[in-house]
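So the structure is just underneath, and the comments pick up after that.
The values are calculated or read from the model by the stated rules, or taken from the named source; none is laboratory data. For clarity, every value in this text was computed on a predicted model and none was experimentally measured. Note: ideal-geometry Cβ built from the backbone for every residue, glycine included; neighbour counts use all protein chains shown. Areas reflect the complete protein model, heavy atoms only, side chains present, ligands, DNA and RNA absent. Shrake-Rupley method; radii C 1.70, N 1.55, O 1.52, S 1.80 Å.
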Amino acid sequence: MQRNWSVAQQIRVNMTLCFSQDQAAAVYAATKGSKQAVYISPFVGRLDDRGVSGMDVVKNIKRMYKNGDGHVHVLAASIRHVDHLLASFALGVELATIPAKILAEWATRGFPMPDQDFRYIAVNAQGQSLAPIPYKELDLNSPWRSFDVRHELTNAGIQKFVADYRATLRRSA
């Protein structure tokens, strides 16, 4: 079995721009044996913007990883409101990136934490229900290339990263 270069070099990995359970399964499989922390960053808000429940991706990844070896951690990203934050806590994510305005709102509410009765309700800013993302039974022992890692939001995000990087190079030249 060919080892992932970053795993062999003991480099910490964060797969950002995650939008699917398949992508998370591929990261798990590709980084098996890692001695360093590995993270997967599902972008919750960007999925919500598309009319589907981004928190479902987090929930599905956490469920899928439950029977794994614990080497991959979930970093909830693109948190858009306090309910995303509370749902992340309730699901047991290891990390979250949280905008300052969400932290301030959480503080204003007195830093509530979800209890056993907490239920996340997936709705958009207009109060309309977001479409659920169903759980998929995936075998984490499969080769990483067997998972469908394609997602149009990942492609768009990578294109934006590249454009931003090139703009930075032009400014520094």
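Tyr39 meets each of the listed conditions (1) assigned to a strand (DSSP E or B); (2) of a type outside the set (S, T, N, Q); (3) without any contact (Cβ under 8 Å) to a residue 40 or more places away in the chain apart from (3).
Residues of segment 139-162 that are of a type in the set (Lys, Arg) and farther than 21 Å from Lys32 by Cα: Lys160 alone. Open to solvent by 50 Å² or more (accessible area, probe 1.4 Å) and either at pLDDT 95 or above or aliphatic (A, V, I, L, M) (or both), is that true of Glu152? So Glu152 does not fit the description; no.
Sub-8 Å Cβ pairs linking a first residue in segment 63-88 that is over 19 Å from Tyr135 (Cβ atoms) to a second residue that is in a loop (DSSP other than H, G, I, E, B) and open to solvent by less than 10 Å² (accessible area, probe 1.4 Å), at least 6 apart or interchain, are His71/Thr31; Leu85/Ile79, ordered by first then second residue. Taken as a whole, segment 122-133 holds no residue that is open to solvent by less than 50 Å² (accessible area, probe 1.4 Å), out of contact with any helix residue (DSSP H, G or I) (no Cβ under 8 Å at 6 or more places or on another chain), at pLDDT 95 or above and within 18 Å of Met15 (Cα to Cα).
Table: residues versus (1) open to solvent by 50 Å² or more (accessible area, probe 1.4 Å); (2) in contact with a Leu (Cβ under 7 Å, 6 or more places away or on another chain); (3) closer than 30 Å to Gly127 by Cβ; (4) not in a helix (DSSP H, G or I).
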residue	(1), (2), (3), (4)
Gln10	yes, no, no, yes
Met15	no, no, no, yes
Ala24	no, no, yes, no
Lys59	yes, yes, yes, no
Ala76	no, no, yes, yes
Ser88	no, no, yes, no
Phe111	yes, no, yes, yes
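Of the candidates Ala29, Ala25, Ala76, Ala37, the single residue that is touching a strand residue (DSSP E or B) at 6+ places or on another chain (Cβ under 6 Å), within 27 Å of Val7 (Cα to Cα) and among the aliphatic types (A, V, I, L, M) is Ala76.
Can you tell me which residues in segment 60-88 are small (Gly, Ala, Ser) and farther than 19 Å from Gln116 by Cα? Matches in segment 60-88: Gly68, Gly70, Ala76, Ala77, Ser78.
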